[in-house]
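Working notes for the structure below.
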Amino acid sequence: MLERQFPEDTDGEADAVENCLTELARLDPRSENFRYPEGACGVSAFPSPVRLNIRTIREVMNRIDGYLSGSYDCLAARLRDLRAGNLESRYTPV
């Protein structure tokens with residue numbers, strides 16, 4: 001949706017965010033592995049030891065948060081402009 005709404009995004013930020021979220025989903029598909037050491041059935045969250053740099057994860061998540069928050073703000077502004085009739089029709093309605 002963001003790529004459709006912001007086709008002028010040529011610096012690859014959307015792709016970088018998508019890649020990070022895809023990697024996180026691969027590591028933790030049910031959003032439980034980083035919260036609990038074991039699943040409901042007693043199975044270890046990670047079958048082998050995993051080394052993570054928490055500082056790097058925090059920095060990446062902060063950048064993703066900034067990107068998504070900024071995107072939300074832009075989409076909200078476009079929606080307000082669209083409703084007010086101040087937006088060109090070339091933008092896809094949200």
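The values are calculated or read from the model by the stated rules, or taken from the named source; none is laboratory data. Model, not experiment: these values are computed from the prediction. Every residue, glycine among them, receives a Cβ derived from its backbone with ideal geometry; neighbour counts consider all protein chains shown. Ligands, DNA and RNA are stripped out before the accessible areas are found, and what is left, the full protein with its side chains, is counted by its heavy atoms. Shrake-Rupley method; radii C 1.70, N 1.55, O 1.52, S 1.80 Å.
So which trypsin sites (Lys or Arg not before Pro) in the range 3-37 are both in a DSSP loop and have at most 13 other Cβ atoms within 10 Å of their Cβ? Write out the running numbers ahead of the final one.
Values: sites: 4, 26, 30, 35; in loops: 30, 35.
Sparse-neighbourhood loop trypsin sites (Lys or Arg not before Pro): 30, 35.
Grab the Cα-Cα distance for residue 13 and residue 56, subtract it from 0.36 nm times how many residues apart they are, and report the gain in nm with one decimal.
13.7 nm is the gain from fully extending residue 13 to residue 56.
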Quiz item: What figure in square angstrom, to the nearest 10, would you give for the accessible area of residue 8 with a 1.4 Å probe?
Solution: 100 Å²
Quiz prompt | Degrees between helix 54-84 axis and first principal axis of the chain (Cα, 0 to 90, nearest 10) | solution = 30 degrees
Quiz prompt | Student exercise, the chain dipole from Lys, Arg, Asp, Glu Cβ charges, in Debye to nearest 20 | solution = 300 debye
Exercise. Have a look at the range 47-88 and give its Rg and Dmax from the Cα atoms, expressed in angstrom.
Key: 18.0, 56
Quiz prompt | Solvent-accessible ranking of 43, 17, largest area first, probe 1.4 Å | solution = 43, 17
Quiz prompt | Dipole of the chain, positive end: most advanced residue of 70, 20, 47 [Cβ charges, Cα centre] | solution = 47
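With n ≥ 4 as the cut-off for DSSP H runs, can you work out [θ] at 222 nm for the chain, using -39500 (n - 2.57) per run divided by the number of residues, rounded to the nearest 500? Mind dumping the intermediate values first?
Values: 3 runs with 50 residues, N = 94.
Rounded to the nearest 500, it is -18000 deg cm²/dmol.
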Practice problem: From the C-alpha gyration tensor of the chain, pull out the three semi-axes of the equivalent ellipsoid (sqrt of 5λ each), sorted largest to smallest, in whole Å. | Solution: 37, 14, 11
Quiz item: Ignoring ligands, DNA and RNA, what percent of the 1.4 Å accessible area of the chain is carbon and sulfur?
Solution: 54 percent
